[in-house]
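Heads up: the structure comes next, in structure tokens.
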Amino acid sequence: MQFFNFHTHQFTNQSTILELVNQYPEEFDASIPFYSIGIHPWYIKEDRTDEDLRIIEEKLQTENCLAIGECGLDKRIEIPLDQQVLVFEKQLALAEKYKKPVVIHCVAAFQEVIAIKKKMKISVPMIIHGFSKNNHLATQLIAAGFYLSFGKYLLKNPDLKTVFQNTPNDRFFLETDTIEESIEQVYDLASEYKNITIKELQELISSNYWNVFEK
């Protein structure tokens, strides 16, 4: 593995990249070699939540399923927060049961996510995907045991430079999510910001991958 794409919605099938492809229970694609699977807060449907959770639990027991998610909380959608919390907590319980990391989608609900992690005593790694916030929140999340994944906002928002530079080397991943830019482009900028070579960055992320996904 030369590159690890922590979160993407598009499988590009390149031998140099290990891609953690986001999947949804109702549109599962068995041809994708490595994936995460979860109920995104945007797509919670009460009448199919139990079936979605059943599919997720089935897939979590396979080697190709590296993580659960993306799942989490989003205060900017119409689905009631209490309903989101219920579905999120059920997925976290499955993550604990099968010892799988969690890919977190979080919008304007970071304190709630931190509180749920503490309340449920979650021991598996929890990674905030697409991090785009400030140093204060980044420090708070890292202190609470979270990892941060950077991607499109790192490319598009120069203000994230210092946040990324201040993120400990053993607590971050890189991703493309839904952007057209390649994971190599994200690595290029990340290595520049960290003032290290691409090879050193690859070694860092490989180490982080090993600690989160292979323990």
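The values are calculated or read from the model by the stated rules, or taken from the named source; none is laboratory data. Predicted, not measured: the structure shown is a model, and the values here were computed from it. When we count neighbours, we look across all protein chains shown, and the Cβ atoms used for this are built from the backbone with ideal geometry, even at glycine. Note: areas computed on protein heavy atoms with side chains; ligands, DNA, RNA excluded. Shrake-Rupley method; radii C 1.70, N 1.55, O 1.52, S 1.80 Å.
Data overview
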quantity: Members of region 60-84 that are open to solvent by 10 Å² or more (accessible area, probe 1.4 Å) and in contact with a Pro (Cβ under 8 Å, 6 or more places away or on another chain); calculated: N64, L66, I77, I79
quantity: Candidate set: region 15-44, residues that are among the charged types (D, E, K, R) and modelled with pLDDT of 95 or more; chosen: the one most open to solvent (accessible area, probe 1.4 Å); calculated: D29
quantity: Meets criteria (farther than 30 Å from I198 by Cβ, open to solvent by 80 Å² or more (accessible area, probe 1.4 Å) and not in a strand (DSSP E or B)) for R54; calculated: yes
quantity: K119 being assigned to a helix (DSSP H, G or I), open to solvent by 30 Å² or more (accessible area, probe 1.4 Å) and either within 17 Å of V212 (Cβ to Cβ) or of a type in the set (K, R) (or both); calculated: yes
quantity: Restricting region 160-189 to residues that are over 19 Å from S207 (Cβ atoms) and among the hydroxyl-bearing types (S, T, Y), the residue that is modelled with the lowest pLDDT; calculated: T178
quantity: Cross-chain or 6+ apart pairs with Cβ under 7 Å, region 35-55 first and in contact (Cβ under 8 Å) with a residue 24 or more places away in the chain, then of a type in the set (K, R) and surrounded by fewer than 20 Cβ atoms within 10 Å (Cβ to Cβ); calculated: L53/K90
quantity: Selection within region 107-116 - open to solvent by 20 Å² or more (accessible area, probe 1.4 Å) and not in a helix (DSSP H, G or I); calculated: V107, A108
quantity: Test: D188 is farther than 28 Å from A95 by Cα and of a type outside the set (A, V, I, L, M, F, W, C); calculated: yes
quantity: Test result for T176, under 21 Å from Q14 (Cα atoms) and touching a strand residue (DSSP E or B) at 6+ places or on another chain (Cβ under 8 Å); calculated: yes
quantity: Condition met for E181 (among the acidic types (D, E), crowded, with 20+ Cβ neighbours inside 10 Å, in contact (Cβ under 8 Å) with a residue 12 or more places away in the chain and under 17 Å from I17 (Cβ atoms)); calculated: no
